[in-house]
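The structure appears below as structure tokens.
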Amino acid sequence: MRRYRAYAAPSAQRARRFDAAILVVTLALAPPLTAQAPTVAPAQPVVRGTVVSRETRLPVAGVSVQVGGTNVVAFTRDDGRYAISRIAPGTYTLTFRRIGFEPATSTVAVATGALLTVNAELAPVALRLSDVVVRTASRVPERIVQAPAAITVIPSYEAAAAAPTNQVATVLRQAPGFDVVQNGMNDFNINARGFNSALNRRVLVLQDGRDLSFAFLGAQEWPAIAGSLDELGKIEVVRGPGSALYGPNAFNGIVNITTPAARDAIGSKLNVTTGELQTFRADMRHAESFAGGRFAFKVTGGINKSDTYARSRTRFDSTDIVREYSAATSTPIAKQRGEAMALRGQTIDRLTGIALGDRDPLRSIYGVGRLDYYSPKGGVATVESGLSQTENELFVTTIGRVQVYRALRPYARMNWGTDDYYITGYFSGRRTPDAQRALASGAPLLEFSETYHLEGQTNRRFDEDRGRLIAGASARAQHVDTRSTLIAPEDDDRVDRLYSAFVQIEYGRSTKLKTVVGARVDDGNLYHTQISPKVALVFAPTEMHSFRATINRAFQPPNPAERFLHVPAGAPTAGPQSFEKGMESYFAAIRSSLTAAGYGGQVAALNLPVDLPYNFAAVTPVFALGNKGLRPQTIVGYELGYRGELPRKWAGYFTADVYLNEKRDFVTALLGGANPNYPPLLTANGISLLHNLDDITALVGSTSLSASTKAALLASQPALRGGYTSLASLATRLSDGTPALVLSYANAGRVEERGVELASGFQVGRGLRADLTYTHFEFQIKRATLTGDRLVPNTPKNKGSLMVTYSGVTRLDAGASVRFVQSYPWLAGVFDGVVPAAQIVNANAGYRITANLKALVVCTNLLDQQRFELYGGSVNGRRLLGGLTAAF
């Protein structure tokens, strides 16, 4: 394998200087807060105004204001105001749109130097699919009815209702077919359409085009997202393979978060939240435009502190998990060996192992600065940087629970784009200056990693707008340095490079039928060239209904942990040497006893080894090691879908998707004997030791010795056979020849998945609507995995949800939801058990005190149903939070 060492890992001092530089850049992006827009008439025309609800006369945030015949669009802020400052003189039609409201239009005549006020009133209506525009399915804007993928939109105002929790992953539960499981307070694993896992990375998560995963594991770190939930903007969720446009890890789907531009958030905002589990959170945002509207900046920041549902598991009698889960399930829970370390802040009682004292709270802080430039021709340039720090978060991994004492996540990005093309580049890092701790072993784990990414895309119409070409390319470099705590020195401090190019062509001879063909090529030094094609047909007989058929291929490459892992998997053990000496003593005793009884010839024919060649040390190390020969996992998905509006009397929508997936080459759990680089060691002269024992049994049985003598000669065999069975697949030699016990990874298995995803929403009454989802999932193993491994989808067979919301009629907004999840087995590394069925009720309410002040209340798990959502995770209970949001 090719190696790249472009630079050495930064020292701790260099890392601190770099993080400080990121913070300085973040603050520098914001001009002085005293900078104001000019008071004289601007050189360009300006259209501004306020949008309110016709029912309540209160401002409506998040309304798009489109200037007809141009690419210019603005959005209303929290007080309902908007401003447009880059249109040429002329007559235009302004269109005001927001999901849940009837669109409104207004015609304006703009003259040079004019300052016009255009207000609008929107009437609340049921959600209409024909008004929803998405961009994730094709990387360009299109009506959701014509999108060639199963896609769900979570609007910003729905996310804002859950803002006090700031648990971004929870709002993804609104998408049918999506699995979101929670451990502790902020650790979530998200997945779509089967085979979830600890630290799952089968769904690509993007924020403004930036991959939110970190390099070593390729998974998301949800508490490290630098932002407030109500400031993240629009969230689009694509289910199904997406590598044809997005490459690695868009295996089961894509989550695309698009934050508002600086000009769409003019003004200031402050959120303060407090409540159960000693929660306190504060978030602020300030944005201004200057230089005649050519520039705008936005700064955001926040702090958070809370307790957690997680508990220490250090009892010497191994009953902690049994006690913790006793109130959450009726299924018997097996004891699990106590962890070596308690959660930070606690100590361990020397006699019982019980954790004593209070856990240190979870803490986080973040800051982000953004500067936008709006060119006269419609292009937008963005420079943004941010830094977040989290403390004491707990993650469930395949090797046990890991507590992250402190993690820093700096990032920076630059973007230049128009409707026809864009170029973007970003840096994203992760540093753990205070070592993470594997609670099972107490081992300190470090990670200092960076990702550098450059990407460009162009979009072109052709054949009188019947066709559209979308093409792009990207290059990425990932640096990983674990200071030899997770990767062996010879593979650590590494830089890996990845390259890709993609193209998609859409064509339709009529407005009703569209054909989509695309493919992407990915290559680099970590895996062989991967080609990910897609084909789709979209038939839309009307603008309110469409039918879709798609075929996609996607892949998920092994992460650096699976390739290069090198950590102790347990304490060194004396068992192998004891077994070796016991076997040698047994062979010697058999020779002596049978020869003395006159069976020397038969014994000689057995050719029993005199000295076993293994030479185990007094204690043998136990390692978890990566496999450099792993292949990417692949999926081929076949999908049929329908989406459309219900009859007008129902005032709603309905979507249905059915799929068939074939997945192969899963990366197994850590197994003995799986990696061919570490073949089984326990053989002698090419003859299995079990075979030796079988020969001895047969010989002893054929002798004329008494039954008691035969029993005495065979008495040691059960223990020896058991020792062999436990060591046969694990015992091997390391590259330096040292005998060791090794667990590693391999590729194995082929699975067929089938599923149905249904969703519907409709107006129940004035201001009252209901949304329902139902998901059914099945799987069948077509090719078995390796011995000792099991394929478990970690996904319920049936689940569903009902959400009722009330808004747009009075000052009060309210909502309640209930989520039904069927019981299902969970297996991810060392955690193997059953997740109980759950019926979780959540509720929220908001009251607009004034136009600029709103009170919010959110209660998750309203009925305090004690449940764990992944086996090995915490038991989660109720959380009641309240807060105020002030915009000014």
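What follows is calculated from the coordinates using simple rules that are stated; it is not laboratory data. In this text the structure is predicted, and so the values were computed from the model without any measurement. Note: ideal-geometry Cβ built from the backbone for every residue, glycine included; neighbour counts use all protein chains shown.
Below are the figures for this structure:
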| read-out | value |
| --- | --- |
| Span from the region 269-326 Cα centroid across to the region 471-494 one, whole angstrom | 30 |
| Relative contact order (percent, whole number), region 776-877, Cα cutoff 8 Å, 6+ residue spacing | 20 |
| Residue list for region 508-536, given a label point 7 angstrom along the Cα-to-Cβ vector of Leu469 and an amide N cut-off under 18 Å | 508-509, 515-521 |
| Region 209-271: proportion of alpha-carbon pairs further apart than 20 angstrom, % | 38 |
| Kirkwood Rh in Å, taken over all unlike Cα pairs in the chain | 29.9 |
| Percent of C-alpha pairs per 10 Å bin, region 94-236, short to long | 10, 32, 32, 17, 7, 2 |
| Kirkwood Rh in Å, taken over all unlike Cα pairs in region 251-401 | 19.7 |
| Spherically averaged projected area in nm², based on the convex hull that wraps the Cα atoms of region 156-219 | 4.9 |
| Whole-number D in µm² s⁻¹ for region 659-752, Kirkwood Cα-pair radius fed into Stokes-Einstein, 25 °C, 0.890 mPa s | 151 |
| For region 384-534, with +1 on Lys and Arg beta carbons and -1 on Asp and Glu, the positive-most of Thr397, Tyr422, Thr482 along the dipole | Tyr422 |
| Cβ-based charge dipole, region 632-771, positive-most Cα from Pro680, Thr668, Gly723 | Thr668 |
| Given charges at beta-carbon only (K, R positive; D, E negative), |dipole| of region 437-492 in Debye | 280 |
| Viscosity 1.002 mPa s, 20 °C: Kirkwood-radius Stokes-Einstein D of region 68-140 over Cα pairs, µm²/s | 151 |
| Gained length - Ser688 relative to Ala855, 0.36 nm times residue gap less alpha-carbon distance | 52.8 nm |
| Whole-Å semi-axes of the ellipsoid equivalent to region 809-888 (Cα gyration tensor, √5λ, descending) | 36, 13, 9 |
| Helix-only [θ]222 nm of the chain, DSSP H runs n ≥ 4, -39500 (n - 2.57) each, per residue, nearest 500 | -3500 deg cm²/dmol |
| Qualifying lysines (Cα of each under 23 Å from Cα of Lys782; at least 8 residues distant if same chain) | Lys663, Lys797 |
| Total charge dipole magnitude, the chain, about the Cα centre, Cβ charges on Lys, Arg, Asp, Glu only, Debye to nearest 20 | 1260 |
| 3J(HN,Hα) from dihedral phi, region 205-212, Karplus parametrisation 6.51/-1.76/1.60, rounded to Hz, x for glycine, proline | 10, 10, 10, 6, x, 9, 5, 8 |
| Lys/Arg +1, Asp/Glu -1 at C-beta; the chain dipole; positive extreme among Tyr452, Gln207, Thr76 | Thr76 |
| Cα gyration tensor, region 599-748 - rounded (a/c under 1.5), prolate or oblate | prolate |
| Full-extension gain in nm, Val272 to Arg631, via 0.36 nm per residue minus C-alpha separation | 124.4 nm |
| Taking the chain and dividing mean pair separation by its residue count, relative contact order in percent (alpha carbons under 8 Å, at least six apart) | 12 |
| At 1.306 mPa s and 10 °C, Stokes D of region 417-536 from Kirkwood alpha-carbon radius, µm² per second | 90 |
| P(r) tail fraction, region 130-192 - alpha-carbon pairs more than 15 Å apart, % | 59 |
| Net charge of neighbours whose Cβ lies under 14 Å from the Cβ of Ser326, counting Lys and Arg as +1 and Asp and Glu as -1 | +4 |
| Cα-based equivalent ellipsoid, region 152-271: semi-axes from gyration tensor eigenvalues, Å | 23, 16, 14 |
| Three-way shape call for region 340-391 based on the alpha-carbon gyration tensor, with the a/c threshold at 1.5 | prolate |
| In sequence order, calculated HN-Hα J values of region 853-867 (Karplus, 6.51, -1.76, 1.60; Hz; x Gly/Pro) | 9, 9, 9, 10, 9, 9, 10, 9, 6, 3, 8, 6, 6, 6, 8 |
| Radius of gyration and maximum dimension Dmax of region 583-640, Cα, Å | 24.4, 78 |
| Radius 13 Å from Cβ of Ala488, net charge of other residues (Lys, Arg +1; Asp, Glu -1) | -2 |
| Charged-residue dipole, Cβ positions (Lys, Arg, Asp, Glu), region 658-761 about Cα centre, Debye nearest 20 | 240 |
| Descending semi-axes in whole angstrom, ellipsoid equivalent of region 748-846, from the Cα gyration tensor | 39, 15, 8 |
